[in-house]
Amino acid sequence: MAKSYTGDSPTASEISLEPRQSYNQVFQLLEQHHQWFTNSLPLIASENIPSPAVREAVLSDFGNRYAEGWTGERVYAGCKYIDQVEQVCIDLAKQLFKIDFADVRPISGVCANLVAYTTFTNPGDTMLALAIPAGGHISMGKKEFGGTAGAVRGLNVEYFPFDTEEMNIDIDATEKKIQKLAQNGKKPTLAMFGGSVLPFPHPVRELTTIFQQHDSKICFDAAHVAGLVAGGQFQDPLHEGADAMTASTHKTLPGPQGGIILSKAENGERIKKSTFPGNVSNHHLHHLAGKAIMFAEMLAFGREYASQIVKNSRALAQALHERGFQVLGEKKGFTKSHLLVADITKYGDGKTIEKKLEDANIILNRNLLPYDIKAGRHFEAPGGIRAGVSEVTRLGMKESDVVEIADLMTRVVVKGEDPRRVAVDVAEFRKGFQRVQYAFESSKDAYAYIHIR
Ligand SMILES: *Cc1c(COP(=O)(O)O)cnc(C)c1O
């Protein structure tokens with residue numbers, strides 16, 4: 001067995017790897033990873049498990065091809081079937097989100113946001129977005145933090161005023177802020193709603209008029225919640241005033257890693273150009289096929305799936321609250337999406353708690369709380385944890401099952417039980433949930449390792 005890598009990477013002169021041994025090691029590690037996830041509770045809010053059908057599409061030869069440009073306008077040969085799949089993918093996305101234009105080529109959520117920035121802004125423009133501790137994503141971040149909007153597109157990022165009690169954007173304070181920015185010659189060209197911690201719908205409808213008065217475009221980053229939007233269980237930004245919506249295709253949407261941007265038809269031509277040649281050359285065609293399969297699954301099963309997600313996250317939040325976790329947003333019923341955030345400072349810091357839970361095979365992540373920076377905490381050891389239920393819902397769990405998850409988490413975090421003992425019970429509990437639900441075909445276990453060597 002070759003060395004296991006857990007810390008610093010050796011320098012080039014220290015490396016003397018035997019190629020075949022490393023090759024074998026990679027496959028061993030992959031199989032171990034699959035085994036681990038078979039026995040674990042995957043609660044990372046940005047992750048999901050695609051169906052075996054999506055995984056099959058992703059393994060196809062599409063992944064080895066090029067298809068720059070738009071369907072029917074390629075600058076590559078060999079795209080006869082690729083073009084048809086891309087067209088099916090576009091049409092399914094338009095039907096799913098009930099909108100006239102979809103560009104399914106962005107290769108990630110960040111890439112989709114870059115397409116939106118390219119379409120609606122110029123470097124030096126002002127953009128309004130959530131700060132990271134309030135739930136914003138690094139792709140909306142300021143230049144000084146290396147955020148994509150600031151560092152890559154050169155935008156001047158201003159923050160939406162945020163109300164911690166409500167866990168939402170403060171509407172009145174935002175209206176004042178827009179007016180003040182406009183008076184100072186810095187009116188926002190783009191308002192970027194959405195975020196990575198999004199328990200409650202954002203006030204798109206309430207703020208559309210004022211943004212329109214200032215000729216600001218509105219985009220909604222639905223990276224996390226697109227599956228809920230598609231399933232009719234969250235706000236529908238594109239029909240509340242947003243000019244565009246960006247998303248990842250692998251968070252609540254249970255597809256392959258990727259991105260998408262949707263819009264009214266009037267912005268279509270500009271968005272197409274922003275994507276190619278602006279932000280992608282080739283666009284990962286195997287994932288395109290996987291997206292098409294996932295959109296079809298969502299059209300057929302999305303409503304049921306999204307509604308169970310929201311029921312599960314509320315049940316988990318309530319159960320954790322009753323067991324001593326300080327789940328944020330209590331005043332509003334904790335959550336209306338797939339995720340919850342809890343302040344765990346009573347029991348330790350986010351980093352320590354995350355590790356203990358991981359040792360119990362309960363996989364979730366630490367998270368900054370809206371008031372962490374003021375309290376002197378930072379992203380490495382923040383005061384919170386974030387949990388999402390998309391993946392366990394896809395594995396077939398219902399409300400009573402997530403209450404069991406709350407019990408298992410309580411044993412580790414509140415009662416201080418040895419995580420390794422809890423891990424045994426986690427694995428036992430997981431035995432009943434091995435297949436992906438809400439799919440046309442699911443004849444393989446969710447985390448089955450597929451050999452084709
Ligand atoms: C995850 C996320 C992204 C980035 O998506 P990737 O697909 O990982 O590039 C963008 N915006 C928000 C709000 C996110 O949570």
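Rounded if a/c is under 1.5, else prolate if a/b beats b/c, else oblate: with a ≥ b ≥ c from the C-alpha gyration tensor eigenvalues square-rooted, which is the stretch 303-430? Display every interim value, and only then the final one.
Working: a/c = 1.87, a/b = 1.16, b/c = 1.60.
The shape class here is oblate.
When the chain is fully extended, how far beyond the present Cα-Cα distance does Glu68 get from Gln87, taking 0.36 nm per residue of separation?
Residue separation times 0.36 nm, minus the Cα-Cα distance, leaves 5.4 nm.
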Anything over 25 Å Cα to Cα? Flag those among Lys374/Lys415; Lys142/Lys217; Lys251/Lys351, in the order listed. Lys374/Lys415
For the pair Glu175/Gln35, report the inter-label distance in nm, with labels modelled 7 Å from Cα in the Cβ direction. 6.1
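R0 = 22 Å: FRET efficiency of Asn184 with Ile373, Cβ-based, nearest 0.05? List each step's numbers first, then the result.
On the way: r = 25 Å, r/R0 = 1.12.
Here the calculated transfer efficiency is 0.35.
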Just to make sure I understand: if all protein chains stay in place, what is the order of Lys311, Lys331 by accessible area at 1.4 Å, largest first? Lys331, Lys311
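Quick one: accessible area per residue over the stretch 303-430, 1.4 Å probe, rounded to a whole number of Å²? Let's see the in-between values first.
On the way: 5180 Å² over 128 residues.
Per-residue accessible area for the stretch 303-430 comes out at 40 Å².
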Count neighbours as other Cβ atoms within 10 Å of each site's Cβ, and list the GluC sites (Glu not before Pro) in the stretch 117-216 that are DSSP loop with at most 12 such neighbours. Glu165
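Which whole-number percentage describes the relative contact order of the stretch 303-430, with Cα contacts under 8 Å and a sequence gap of 6 or more? Don't skip to the answer; put the middle values down first.
Values: 202 pairs, mean separation 39.0, N = 128.
Contact order relative to length: 31 percent.
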May I ask which of Lys272/Lys311; Lys311/Lys331; Lys98/Lys331 have a Cα-Cα span longer than 28 Å here? Lys272/Lys311; Lys98/Lys331
Rounded, prolate or oblate, given the Cα gyration tensor of the stretch 54-296, with a/c below 1.5 counting as rounded? prolate
Estimated inter-spin distance, Arg421 and Glu269, nm [label 7 Å along Cα→Cβ]: 6.9
With a 1.4 Å probe and every protein chain kept in, tell me what percent of the accessible surface of the chain is carbon plus sulfur. 51
Just grab the label-to-label distance for Arg20 and Thr352, each label 7 Å out from Cα along the Cβ direction, in nm (one decimal). 4.8
Whole angstrom only: what separates the Cα centroid of the stretch 111-131 from the Cα centroid of the stretch 299-325? 32
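The values are calculated or read from the model by the stated rules, or taken from the named source; none is laboratory data. Remember, it's a predicted structure, so these values are computed and weren't measured experimentally. When we count neighbours, we look across all protein chains shown, and the Cβ atoms used for this are built from the backbone with ideal geometry, even at glycine. With ligands, DNA and RNA removed, areas are computed over all heavy atoms of the protein, side chains included. Shrake-Rupley method; radii C 1.70, N 1.55, O 1.52, S 1.80 Å.
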